[in-house]
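One structure is given below, encoded as structure tokens.
The values are calculated or read from the model by the stated rules, or taken from the named source; none is laboratory data. Here the structure is a predicted model, which is why all the values come from computation and not from measurement. Positions of Cβ are backbone-derived with ideal geometry, glycine not excepted, and every protein chain shown enters the neighbour counts. Quick note on the areas: whole protein, heavy atoms, side chains included, nothing else; ligands and nucleic acids left out. Shrake-Rupley method; radii C 1.70, N 1.55, O 1.52, S 1.80 Å.
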Amino acid sequence: AMSRLLPANEGEVLLDGADISSIRRKDLARTISVLPQTPTAPEGLNVADLVSRGRHPHQSWIRQWSSTDEAEVHKALEMTGSLGLAERTLDSLSGGQRQRVWISMTLAQGTDLLVLDEPTNHLDVHHQIQLLETVRALGRTVVAAVHDLQLAAAHFDEVAVLHDGGLHSVGPPAAVLTPQTVRHVFDVDAQHLVDPATGRVHLVLGAGAPPAASHRK
């Protein structure tokens, strides 16, 4: 609903005070970039062409492809460590490489708001951390759906925990991802560790309840 992929069942989604459903799609794409959970592309498309599509919202019959667009594509590929993949076809890449390339396209769009659905899918630990640090360093507003509680605790300013089809709690990771909440929602034991250098919370997860006793929703 935030990215207008689905209509809101109730209430409104407002962007700078305007109902998001009333904003022209191209204007919306200059403000919000979206990484879906399972993005698709035409067969045989190469990486550079895919990432350049992130610049399409900025094109018009007056403003054609420019050196600025080229620089944004180059920078986006560089930020995800994907420059060496630029001439390869998307279908020749591993799952992790493809994910990095799709993220590059999202970054190339140059929006103030990013909506990312499971952005760390298929990435190894190094690239998961690198991606989240890169996105954090942009200084933009990022809304992401993540299932890794440890990554959420360590890299996000606010966390919203969903449970039983509703909002269980929202706030800073240290206040929300408590051992009590993690146990109640996910049936997993957890301990807090605070990094003295950054002040960020790190979760140490342990075993939860046996499957037969589980009540996870």
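Observations on the structure shown:
- Positive-end ranking of ALA86, SER66, ILE32 along the dipole of the chain, with charges on Cβ about the Cα centre, is headed by SER66.
- As a calculated quantity, the FRET efficiency between VAL194 and TRP61 at R0 = 45 Å, using C-beta atoms, amounts to about 0.25.
- Positive-end residue of ASN121, SER169, GLY17, charge dipole of the chain with Cβ unit charges: GLY17
- Electrostatic dipole magnitude of the range 69-217 [Cβ: Lys, Arg +1; Asp, Glu -1; Cα centre; debye, to 20]: 360
- P(r) of the range 61-143 over all Cα-Cα pairs, binned every 5 Å from zero, in whole percent: 3, 14, 25, 25, 18, 10, 4, 1, 0
- Computed over every Cα-Cα pair of the range 1-57 and binned at 10 Å starting from 0, the pair-distance distribution P(r) comes out as 18, 44, 27, 10, 0 percent.
- For the chain, diffusion coefficient by Stokes-Einstein and Kirkwood Rh (Cα), 25 °C, 0.890 mPa s, µm²/s: 128
- Å² per residue, accessible surface of the range 78-131 at 1.4 Å: 43
- Calculated [θ] (222 nm, deg cm²/dmol) that DSSP helices of n ≥ 4 give over the chain, each run adding -39,500 (n - 2.57): -9000 deg cm²/dmol
- Calculated log₁₀ intensity ratio I(q)/I(0) where the Debye formula runs over C-alpha points of the range 119-183, q = 0.16, 0.19, 0.30 Å⁻¹: -0.56, -0.77, -1.40
- Solvent-accessible area, 1.4 Å probe, carbon plus sulfur percent, for the chain: 54
- Burial ranking of peptide ranges 148-154, 104-110 (average Cβ count within 10 Å, highest at the top): 104-110, 148-154
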